[in-house]
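To start, the structure under review is shown below, and the notes come after it.
The values are calculated or read from the model by the stated rules, or taken from the named source; none is laboratory data. Small disclaimer: the values here were computed from a predicted structure and weren't measured. Note that we place each Cβ from the backbone using ideal geometry, even for glycine, and neighbour counts take in every protein chain shown.
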Amino acid sequence: MLDMTRLPQHVAIIMDGNGRWAKKRGIPRLAGHNAGMEAMKEIVRRSSDLGIKYLTVYAFSTENWKRSWEEVSGIFKLLIKFVDLDLDELNEKNVKVRVMGDYQAIPEAARKSMDETLETTKDNTGLQFCIALNYGSRAEITRAVNVLAEKVRAGEIEGEITEEMIARYLYTGEENGNVPDPDVIIRTSGEERLSNFMLWQSAYSEFVFTDVLWPDFTPEVYEKTLEEFQARDRRFGGRK
Ligand code: FPP
């Protein structure tokens with residue numbers, strides 16, 4: 001049973017396996033992403049209902065541009081469909097949508113829809129749903145270091161660069177209201193790696209890997225995954 005008194009504050013998910021799910025059924029990859037989007041919506045709903053404060057999903061990485069244009073544009077069309085169709089429900093559930101990544105570079109129609117969603121949900125105080133779009137963690141850290149280098153050059157920073165300063169200029173920093181580090185990072189589809197996702201923020205995260213392909217990741221499987229997280233003993237490098 002899920003212990004409601006010990007829920008993670010921040011859950012981050014690498015949603016993997018849409019392509020394999022589609023292949024198994026002999027249907028196009030995009031049909032897999034469509035099913036993946038439906039799964040994502042269910043997980044947003046369940047996270048909100050459970051009272052989880054932060055949910056971050058890896059929706060599109062800086063490496064995903066290497067896929068066919070048909071697939072890439074299809075994923076962005078799904079994103080538009082999600083933010084347009086589900087805006088009312090997001091608002092009803094008091095969900096605040098956030099984005100992390102170089103999202104100025106995504107197709108304009110998707111960016112416009114996202115902008116609208118960010119604006120419409122900006123005062124919501126429930127679940128903070130953060131979508132990593134055109135996100136890569138090395139690029140994120142490099143960007144923060146460049147901001148700091150510029151500040152040093154301008155004489156705004158004297159003395160040492162601290163961890164807090166670096167964290168402030170990551171996507172999870174100041175610009176997104178200082179998101180706490182994820183307590184747990186879930187990756188579906190049996191792959192056991194981070195793939196350039198939240199490298200800095202995952203220093204003390206628990207990792208839970210499951211063989212379930214993302215479109216099959218139901219709210220019930222989600223709760224089992226959270227139970228697995230709760231069974232872990234987190235010491236943050238210290239002793240109990
Ligand atoms: C990984 O599966 C999934 C992606 C790269 C895209 C994720 C997209 C969604 C879940 C739906 C759209 C939602 C938004 C918010 C854009 P894969 O294609 O790498 O699967 P494979 O490893 O089996 O090929």
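Of the residues screened, A22 is not one that is near the ligand (Cβ under 9 Å from one of its atoms), buried (at least 19 other Cβ atoms within 10 Å of the Cβ), of a type in the set (A, V, I, L, M) and in a strand (DSSP E or B).
Table: residues versus (1) more than 7 Å from the ligand (Cβ to nearest atom); (2) under 24 Å from V212 (Cα atoms); (3) surrounded by 19 or more Cβ atoms within 10 Å (Cβ to Cβ).
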| position | (1), (2), (3) |
| --- | --- |
| S48 | yes, yes, yes |
| R67 | yes, yes, no |
| G74 | yes, yes, no |
| E89 | yes, no, no |
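Please verify whether A132 is buried (at least 16 other Cβ atoms within 10 Å of the Cβ), within 15 Å of the chain's Cα centre (by Cα) and either assigned to a loop (DSSP other than H, G, I, E, B) or modelled with pLDDT of 95 or more (or both), treating the condition exactly as stated. Here the answer is yes, as A132 does meet what is asked.
What single numbered condition from (1) part of a loop (DSSP other than H, G, I, E, B); (2) more than 7 Å from the ligand (Cβ to nearest atom) fails to hold for D84? Of the numbered conditions (1) part of a loop (DSSP other than H, G, I, E, B); (2) more than 7 Å from the ligand (Cβ to nearest atom), the odd one out for D84 is (1).
Note on the range 149-196: among residues that are surrounded by 14 or more Cβ atoms within 10 Å (Cβ to Cβ) and more than 29 Å from F207 (Cβ to Cβ), the one that is farthest from the chain's Cα centre (by Cα) is I157. The set of residues in the range 87-106 being assigned to a helix (DSSP H, G or I) and in contact with a Phe, Trp or Tyr (Cβ under 8 Å, 6 or more places away or on another chain) consists of L90 alone.
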